[in-house]
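Asks: Pasting a structure here, questions to come.
Nothing in this text is a laboratory measurement; each read-out follows from the coordinates by a stated rule. Just so you know, these numbers come straight off a predicted model, no measurement behind them. Note that each Cβ is placed from the backbone with ideal geometry, even for glycine, and that neighbours are counted across all protein chains shown.
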Amino acid sequence: MSFKNDYLNRVYADVEKRNAGEKEFLQAVYEVLESLEPVVEARPELEKHGVLERLVEPERMIVFRIPWVDDAGKVQVNRGFRVQFNSAIGPYKGGLRLHPSVCASVIKFLGFEQTFKNSLTGLPMGGGKGGSDFDPKGKSDLEIMRFCQSFMTELSKYIGPDTDVPAGDIGVGAREVGYLFGQYKRMKDEFTGVLTGKGLTFGGSLARKQATGYGLLYFTKEMLANLANSDLQDKVVVISGSGNVAIYAAEKAMTYGAKVVAMSDSSGYVYDAEGIDLDLMKQIKEVERARIVEYANRKPGAVFTAGCKGIWTVKCDVALPCATQNEPDEEGAKALVANGVMAVAEGANMPSTPEAIACFQKNGVLFGPAKAANAGGVATSGLEMSQNSMRYSWTFEEVDAKLHQIMIGIFEAALDASKRYGVEGNLVMGANIAGFEKVANAMIAQGVC
Ligand code: NDP
């Protein structure tokens, strides 16, 4: 793999050397650098200021031990991470992920991506990310609480409402944010907006829960309207995942008149030709935290298939990967294309492999990349921070209207950048360039730091 531009080659060679074996991080950096080629060619001052060298190196990375006691009285140890990637345009901001696959590479790829995503929202937020290899599956409520308290005991030394503001991600929902917030408050003796995604009774924002999924659909709607003169009415939609992002993506798709026919979890997917019954899905996934096979057990006509990959063979007009990284690979993308998919928009972070993205683009499928299409969650986290600072709460409708406006703005910024650099409609390049420009300009303005 190499670039036409020498500066990019040198930067990437250093990244490979310093981060050997970190495949998710290297993949994310490569994808961004590839998009920035025309910008680097047009702006030689970027090299003089060492902008890319600084951008690919986290400002700080904290790795720590998380000891906790399970229900049998045995001490368990997990590893905790927080990467504070870039603070050029605001305090570090990004979620916490609890999943056995969490490692330095995953956290760094997410923190790197977050820097551009946060910039795209237009709000003053830098990039960060964190988490642990703790597996919440099968843990009791008390085990989750003890783990979260231990995690925050260490993390609290490095975060603060004007320094670094974590949020939820995979495995971290309202329950976990509540436990983390309670421990922070106890350690610091202060009630501040140090986390977002909080419960509504203690500083959370209305519409935060819905924000990433709803935002994804606001973005998809703009993409269909502007680039295909189309809309979501009567479109058949496939959504991977059945967590926070997937459920509220499904909800908004349905309100736009689309029919969602398939959803998944890490055990497999369900297909329901009549359209997913979202109340039943919420009951199973949000209330009971059960496996998705339960949906097929309870809904006549619905079919469960073990294994996640097969979901991309379900015929649809719009596909929304909302589970995890590297889901549709080239094979999945080819199956979607063969079945006539017209648009793919990413709810999860880096869900499509580079080969899958190339396949979509080659076949004229509209493609909304994660850092633009799923920015609604962090945008609403930014709105939660604003409300916390003001000690005030906006109504659901007020937050939702601001979110909608922000998503339209993100789409327009990505489209505009794609036009300025001669790749009109390529939203991957457009989003990377638009997100990069603001951060790069701020870094140059602030001198060498
Ligand atoms: P949740 O933990 O609520 O849900 C994750 C979903 O993905 C679950 O249904 C999970 O199934 C499924 N899943 C996990 N691993 C796999 C796998 N290997 N194959 C198939 N399915 C899998 O997380 P979120 O909905 O919050 O996050 C989903 C994605 O969206 C992540 O990439 C996250 O980084 C991204 N994102 C989230 C934001 C938010 O506001 N929450 C904001 C922006 C991006 P199971 O229960 O079986 O593990």
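Asks: Could you tell me whether the stretch 337-449 comes out rounded, prolate or oblate from its Cα gyration tensor? Rule is a ≥ b ≥ c as square roots of the eigenvalues, rounded for a/c under 1.5, then prolate if a/b exceeds b/c, otherwise oblate.
Replies: Verdict is oblate for the stretch 337-449.
Asks: Is the chain rounded, prolate or oblate when judged by the Cα gyration tensor, a ≥ b ≥ c being the square roots of its eigenvalues, rounded requiring a/c under 1.5 and prolate requiring a/b larger than b/c?
Replies: rounded
Asks: Give the separation of the Cα centroids, the stretch 91-121 to the stretch 147-165, in Å.
Replies: Using only Cα atoms, the two centres lie 16 Å from each other.
Asks: Still on this model: Which distance in nm do the two modelled labels at Asp71 and Ala273 give, with both placed 7 Å along the Cα-to-Cβ direction?
Replies: About 4.2 nm separates the two model spin labels.
Asks: Right, another one. I want to verify a result. In a Gaussian network model of the chain, Cα cutoff 10 Å, which of these has the top mean-square fluctuation: Val261, Val77, Val365?
Replies: The residue that fluctuates most here is Val77.
Asks: Report the extension gain between Ala20 and Ala290 in nm, rounded to one decimal, defined as 0.36 nm multiplied by the number of residues separating them, less their alpha carbon distance.
Replies: Result for the pair: 93.4 nm of gain on full extension.
Asks: Restrict the search to the stretch 280-321; then list the GluC sites (Glu not before Pro) that DSSP places in a loop and that have at most 15 other Cβ atoms within 10 Å of their Cβ.
Replies: Glu288
Asks: Something else about it: Rounded, prolate or oblate: which one fits the stretch 112-163, using the alpha carbon gyration tensor with axes a ≥ b ≥ c (rounded when a/c is under 1.5, else prolate when a/b beats b/c, else oblate)?
Replies: It is prolate, given that a/c is not under 1.5 and a/b is the larger ratio.
Asks: Stretch Arg10-Glu412 to full length: gain in nm at 0.36 nm per residue minus the Cα-Cα span?
Replies: Residue separation times 0.36 nm, minus the Cα-Cα distance, leaves 141.5 nm.
Asks: Can you give the extra length, in nm with one decimal, that the chain gains between Arg420 and Arg54 once fully stretched, where that is 0.36 nm per residue apart less the Cα-Cα distance?
Replies: Result: 129.3 nm gained on full extension.
Asks: Take the chain, connect every pair of alpha-carbon atoms lying under 10 Å apart with a spring to form a Gaussian network, then pick out the residue of Pro328, Pro300, Pro351 with the largest mean-square fluctuation.
Replies: The residue that fluctuates most here is Pro300.
Asks: So for the stretch 193-323, averaging the separation of alpha carbon pairs under 8 Å that are six or more residues apart and normalising by length, what relative contact order in percent results?
Replies: Averaging sequence separation for qualifying contacts and normalising by length gives 26 percent for the stretch 193-323.
Asks: At most 11 other Cβ atoms within 10 Å and a DSSP loop assignment: could you name the GluC sites (Glu not before Pro) in the stretch 42-136 that fit?
Replies: When the GluC sites (Glu not before Pro) of the stretch 42-136 are filtered for loop state and at most 11 Cβ neighbours within 10 Å, nothing remains.
Asks: If R0 is 56 Å, what FRET efficiency do you get for Glu398 and Lys362 from their C-beta distance, rounded to 0.05?
Replies: 0.85
Asks: For the stretch 325-375 and the stretch 257-307, what is the separation of their C-alpha centers, rounded to whole Å?
Replies: Going from one Cα centre to the other spans 22 Å.
Asks: A further question on this structure: Within the stretch 282-368, which trypsin sites (Lys or Arg not before Pro) sit in a loop by DSSP and count at most 15 neighbouring Cβ atoms inside 10 Å?
Replies: Passing both the DSSP loop test and the Cβ count: Arg289, Lys315.
Asks: Also: Work out from phi, with θ = phi - 60° and the Karplus expression 6.51 cos²θ - 1.76 cosθ + 1.60, the ³J(HN,Hα) of each residue of the stretch 203-210, listed in order in whole Hz, and give x for Gly and Pro.
Replies: With the stated coefficients, the stretch 203-210 comes to x, x, 9, 4, 6, 5, 4, 7 Hz.
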